[in-house]
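Dumping the structure here so I can ask a few things about it.
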Amino acid sequence: MEDIKARKLIGRDNLLKREILPRLKNDKPFILVGQKGIGKTELLKWAYCNYNKNKVYISCNETRATIVKRIAKKLGITVNKKKVAELEQEVLKSHTKIAVFIDDLEEASPKHAIFLTHLGNWNVVYLAGVGHFKERVKKLLWGKQKIRVKPIDRKSRFKLGRYVAKSLGCMVAPETIANQSKGVPGRAWAIGKGEVIRDDDERVEGEEINIAPVMLVFVVGIMMTRYIAMGLGERDLYVLAGIGMACSYLLRYVIRIVSK
């Protein structure tokens with residue numbers, strides 16, 4: 001974890017230039033959010049590599065002991081055979097500033113959350129995670145700009161497919177990688193390696209069809225029909241509108257279940 005190197009980032013120029021780099025230069029914290037495999041980790045690594053002050057990179061998939069020891073070493077604190085609790089206190093009492101790059105925030109344990117929240121009170125922190133964060137890390141998110149990482153645009157997907165195929169020396173055609181990856185870098189690398197992608201038919205964030213406006217028009221139409229039927233005394237039309245309203249609620253329920 002000490003030797004942090006980011007892969008070549010393709011199709012992320014605007015995100016890097018407009019969102020990430022300006023905040024790095026001004027020591028403004030941010031949090032990268034998006035679906036699994038979308039490239040949050042590589043973007044956070046890029047940010048780490050392009051930050052020129054005292055810094056440390058950690059993942060919440062690591063143990064608390066590993067995290068505390070790495071930060072202690074970066075702060076110049078002698079580790080030796082000290083207990084984790086003792087080191088933790090020394091880190092929190094240190095007056096040395098350090099930028100903390102935290103990946104996989106959704107995996108933070110209660111002890112992770114407490115330590116990192118205290119550490120973030122006087123140090124700048126840059127975060128990355130899926131976005132479904134538990135209550136324990138909410139304080140760590142306060143005051144930080146949320147940057148949503150979306151799938152790579154269609155124009156850059158073939159370039160990504162070609163880069164993945166060349167890097168891996170695989171037999172999968174760049175066009176296949178580009179089309180099947182749906183703009184998700186993690187999926188592109190998995191396809192290039194010949195790995196089986198689970199839930200490959202799931203919607204890619206940012207590409208799903210929003211039917212909310214259609215549903216709204218449909219429900220409003222049914223309600224208007226009901227009130228017109230009441231005014232005209234048309235019982236059959238009123239019953240029909242009621243059935244339509246019931247069907248709309250059933251459809252909403254089905255869509256909610258399917259989308260989970």
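Considering only segment 17-34, I want to know if a residue exists there that is in contact with a Gly (Cβ under 8 Å, 6 or more places away or on another chain) and of a type in the set (Gly, Ala, Ser). Can you show your working first?
Step one: filter segment 17-34 for residues in contact with a Gly (Cβ under 8 Å, 6 or more places away or on another chain), giving 29, 31-34.
With of a type in the set (Gly, Ala, Ser) added as a condition, the list becomes 34.
Checked segment 17-34: at least one residue is in contact with a Gly (Cβ under 8 Å, 6 or more places away or on another chain) and of a type in the set (Gly, Ala, Ser).
A follow-up question, please. Name the pairs whose Cβ atoms lie under 7 Å apart, with the first residue in segment 170-194 and under 18 Å from Gly11 (Cβ atoms) and not assigned by TED's automatic domain parsing to the domain that holds Gly37, the second of a type in the set (Lys, Arg) and outside any loop (DSSP other than H, G, I, E, B), and 6 or more positions between them or separate chains?
That search, which allows pairs on different chains as well, returns Pro174/Arg162; Ala178/Arg157; Ser181/Arg157; Ser181/Arg187; Gly183/Arg157.
Of everything in segment 115-127, what is more than 16 Å from Trp46 (Cβ to Cβ) and either in contact with a helix residue (DSSP H, G or I) (Cβ under 8 Å, 6 or more places away or on another chain) or not assigned by TED's automatic domain parsing to the domain that holds Lys69 (or both)? Give them in sequence order.
The answer is Phe115, Leu116, Thr117, His118, Leu119, Gly120, Val125.
Answer yes if at least one residue in segment 97-120 is over 27 Å from Gln35 (Cα atoms) and more than 25 Å from the chain's Cα centre (by Cα), and no otherwise.
Yes: segment 97-120 contains one or more residues that are over 27 Å from Gln35 (Cα atoms) and more than 25 Å from the chain's Cα centre (by Cα).
Would you check which residues across segment 128-163 are over 21 Å from Glu107 (Cα atoms) and part of a helix (DSSP H, G or I) and list them?
Arg154, Lys155, Ser156, Arg157, Phe158, Lys159, Leu160, Gly161, Arg162, Tyr163
Then there is this: Assess whether Arg18 counts as being part of a helix (DSSP H, G or I) and either surrounded by fewer than 14 Cβ atoms within 10 Å (Cβ to Cβ) or not assigned by TED's automatic domain parsing to the domain that holds Arg162 (or both).
Yes.
I've got another one for you. Answer yes or no: is there a residue in segment 92-110 that is touching a helix residue (DSSP H, G or I) at 6+ places or on another chain (Cβ under 8 Å), among the basic types (Lys, Arg), surrounded by 12 or more Cβ atoms within 10 Å (Cβ to Cβ) and not in a helix (DSSP H, G or I).
No - not one qualifying residue is present in segment 92-110.
Looking at the structure I just gave you, is Lys25 on the phi < 0 side of the Ramachandran plot and modelled with pLDDT under 95?
Working: on the phi < 0 side of the Ramachandran plot: yes; modelled with pLDDT under 95: yes.
Answer is yes for this residue.
Any residue in segment 82-104 that is touching a residue at least 60 places away in the same chain (Cβ under 8 Å) sitting within a Cβ distance under 9 Å of a residue that is surrounded by fewer than 21 Cβ atoms within 10 Å (Cβ to Cβ) and basic (Lys, Arg)? List the pairs, counting only those 6 or more apart or interchain.
Between residues of segment 82-104 that are touching a residue at least 60 places away in the same chain (Cβ under 8 Å) and residues that are surrounded by fewer than 21 Cβ atoms within 10 Å (Cβ to Cβ) and basic (Lys, Arg), the close pairs are Ala99/Lys53; Ala99/Lys55; Asp103/Lys45.
Lys82 passes all but one of (1) touching a helix residue (DSSP H, G or I) at 6+ places or on another chain (Cβ under 9 Å); (2) under 18 Å from Ile114 (Cβ atoms); (3) among the charged types (D, E, K, R); which number fails?
The single condition Lys82 does not satisfy is (2).
The values are calculated or read from the model by the stated rules, or taken from the named source; none is laboratory data. All values derive from a computational prediction rather than experimental measurement. With ideal geometry, Cβ positions are generated from the backbone for all residues, glycine too; neighbour counts draw on all protein chains shown.
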